[in-house]
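Down below is the structure, laid out as structure tokens.
Coordinate-derived values only; no laboratory data. From a predicted model like this one, the values you see are computed outputs, not experimental measurements. Neighbour counts run over all protein chains shown; Cβ positions are idealised from the backbone, glycine included.
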């Protein structure tokens, strides 16, 4: 590419005026900015002492949950879309023939390795029946690696624990019930 | 002899403690400017008392002490070990002539708060030792056998040599006006006059302030260890206590710069209406003076820390052009103005110092505006411009005989 190529957009540095060349006004400007921040309100949340406030739990990407339908059954139809979409390969599903007449398959086992999960929310996006959702639970801890691999029962229990505080997003967005 | 040893012990203890706490202060200021709270967890060890994080330096020190004294295999072992020692030693030895006041203890016993009182070449000593500090940087960069370290060391040597000239010119103005190389005398003269030299020679003050900032390697002049460009600069290969020595030497350099600014230009222990102007003070007044001196030093250091977050770092060519094209001429202008003032208007300065400083400030403002209009850095190019004669790589064509390329096959 030649220097006079029309595709090159040459940008000249803006010329400094007299005040700029005298430095001092600009320097003072910088100093006043930092001095103002010295006394401004701090944004740090001292986490273990102070719990952070979550603006909108529906947007927050925390621990997963597996939703239940009206009859209390797991909504998942074991289509593997979430496992396929997952960039961290942390979802492991074993499908089996559904015991219920309204669907063909259901997850015999559904495990999420919370240690591998990067909380990107792609599973939530991919799910065609809005079965998997991310809650606003952020303090996720465990004493062993095994404990951090959440199975179906645990994921359903997360739903039971959070369904009142965070109703299923699909309901408010007009998706599947 | 014993007294000098006690003074040295006290001075080194105070300096090292001050350094440790300045690291904490630096982290606090950094945090506050960025709207964070900064280190606030570590307090008294083994208790839950937090004390706003005042235990942090202790924790840092223990951590660094317990680190492995790792020496990379590719370094020059002797110089690698010598470098931090030399930079630390020169930084500490410099304080031998820094006067913190003179106290009359009564009974005809006068205590000088200096390790080496009454040295007639105090300023030259300080200037010489601050130059020795460059050796630590260059040796460290060279011994590390690492290109980033070496680049940092090279930059540092160029920068320190360039800024030593305006620094010296700034000091020259003070020497001319005070007629002495003794730091005690410089401070006493300012106290007697009642007008600090910062008021009497503003250009010199400004030049010295900038040059001292550059000598201490503080932002916006921290080119030797620009993290984004050079990993860590000259101490990239250092860890553990050796790194601590480098880091604390850097902070001591900053304290030195602040101390020099305060002693030479901001009146040392003098403050109007509080300290009086006698060279020797009683015990109470002496302590007040000491507090005022330390307060001033602290304020200057705080200014350095605020400056760090206020202004972006210079590019290396900007740094050099600022030193040679702006600071050096301004320093000479200051020297000439002060020389004329001292030669022809010395009595007037001593009779009406405030009027004299007003005149000096007027001259300074004129010089400043003229500098801005003339713009000594007008020829600095920042970008390769389209119409620039220098930047036409395609029109030049290959040089006769072709491009010089390394013939690797022949070497085999």
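Figures for the structure shown
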read-out: Full-stretch length increase - residue B:352, residue B:375 - with 0.36 nm per residue and alpha-carbon distance subtracted; value: 4.9 nm
read-out: Candidates B:128, B:323, B:214: whichever shows maximal mean-square fluctuation once chain B is modelled as a Gaussian network with Cα springs under 10 Å; value: B:128
read-out: Potential lengthening between residue A:32 and residue A:146 on full extension [0.36 nm per residue; Cα-Cα distance subtracted]; value: 35.7 nm
read-out: Helix A:152-162 axis, angle to chain A major axis (alpha carbon atoms, nearest 10°); value: 60
read-out: Global form of chain B, assessed from the alpha-carbon gyration tensor, a/c cut-off 1.5; value: oblate
read-out: Degrees, to the nearest 10: A:24-39 long Cα axis against longest axis of chain A; value: 30
read-out: All-pairs Cα distance distribution in segment B:35-149, expressed in whole percent, bin size 5 Å; value: 2, 10, 11, 10, 11, 11, 14, 16, 10, 4, 1, 0, 0
read-out: Shape category assigned to segment A:15-133 from the gyration tensor of Cα positions, a/c cut at 1.5; value: prolate
read-out: Listed residues A:80, A:110, A:39, most fluctuating in chain A (Gaussian network, C-alpha, under 10 Å); value: A:39
read-out: Computed [θ] at 222 nm, helices only, for chain A once each DSSP H run of length n ≥ 4 contributes -39500 (n - 2.57); value: -7000 deg cm²/dmol
read-out: Tensor-based shape of the protein assembly as shown (alpha-carbon gyration tensor, a/c under 1.5 rounded, otherwise prolate or oblate); value: prolate
read-out: Projected label distance in nm at residue B:192 and residue B:17, using a 7 Å step from Cα toward the beta-carbon; value: 3.5
read-out: Mean residue ellipticity (222 nm) of chain B, computed from DSSP H runs ≥ 4 via -39,500 (n - 2.57), nearest 500; value: -20500 deg cm²/dmol
read-out: Difference of contour (0.36 nm per residue) and Cα-Cα distance, residue A:61 to residue A:100; value: 10.9 nm
read-out: Residue B:37/residue B:229 FRET efficiency (R0 25 Å; Cβ-Cβ; nearest 0.05); value: 0.25
read-out: Selected from A:130, A:102, A:92 as most flexible by GNM, with chain A as the system and alpha-carbon contacts under 10 Å; value: A:102
